[in-house]
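Data block below; observations after.
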Amino acid sequence: MAGQTTRYHGSCHCKKVRFTADIDLSAGTTKCNCTWCWKQRRWGVMIEPAGFEALAGAEHLVGGERGGFCRHCGVNTYAFVDTSAWGPAFGGDRVAINIASLDDLPIDDLLAAPVRYLDGLHDDWWTPPAETRHL
Ligand SMILES: [Zn+2]
Ligand SMILES: [Zn+2]
């Protein structure tokens, strides 16, 4: 993945889980309308595993080293995702970062980042949904 990355620090709410993620926000972020994403108001970004480091607390995540929600505070942090079936631009593991779990991301930088909308609700991931204002 080309582009300039910035190292951000992330954590769950109770701070048992901590990590760093090297993110190029100009490469885009995603919001999806599926029920899983909607119920957590998810705003996500996907990075290469090489740009990710788990600093502490993976044992507190529901998926262990693969990531997920903190068992104690319920906040979603990061998750390793196998993208092998997603098409030629993907393949192998990526790390899906919950942007809201980043602690030192300037809001202006986030607002400047492109957002790609996914129609996960209709299993049509590559076409933006007709309505996105609520996401
Ligand atoms: Zn926690
Ligand atoms: Zn979704």
- Query: Given the Cα-Cα distance of His122 and Thr83 and 0.36 nm per residue of separation, how much length would full extension add, in nm?
  - Reply: 12.1 nm
- Item | Between segment 1-44 and segment 73-135, the alpha-carbon center distance in angstrom | 7 Å
- Give the peptides 10-19, 105-114 in descending order of average Cβ contacts within 10 Å, highest first. 10-19, 105-114
- Stretched fully, the stretch from His72 through Gln4 gains (0.36 nm per residue minus C-alpha distance, one decimal, in nm) 21.1 nm
- Residue among Val62, Gly91, Thr5 farthest towards the positive dipole end of the chain, charges placed on Cβ: Val62
- Task: Enumerate cysteines in the chain without a disulfide-compatible partner, where compatibility requires another Cys Cβ under 4.7 angstrom.
- Result: Cys34
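Under unit Cβ charges (Lys, Arg +1; Asp, Glu -1), what dipole magnitude, rounded to 20 debye, does the chain have relative to its Cα centre? Show your work: numbers first, answer last.
Working: 13 positive and 16 negative charges, 96 e Å.
The calculation lands at about 460 debye.
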- Query: Cys34 versus Ala112, label points 7 Å from Cα toward the beta carbon: distance in nm?
  - Reply: 3.1 nm
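Computed from the coordinates by the stated procedures, all read-outs in this text should not be read as laboratory data. Only a predicted model underlies this, so the values are computations on that prediction, with no experimental measurement involved. Note: ideal-geometry Cβ built from the backbone for every residue, glycine included; neighbour counts use all protein chains shown.
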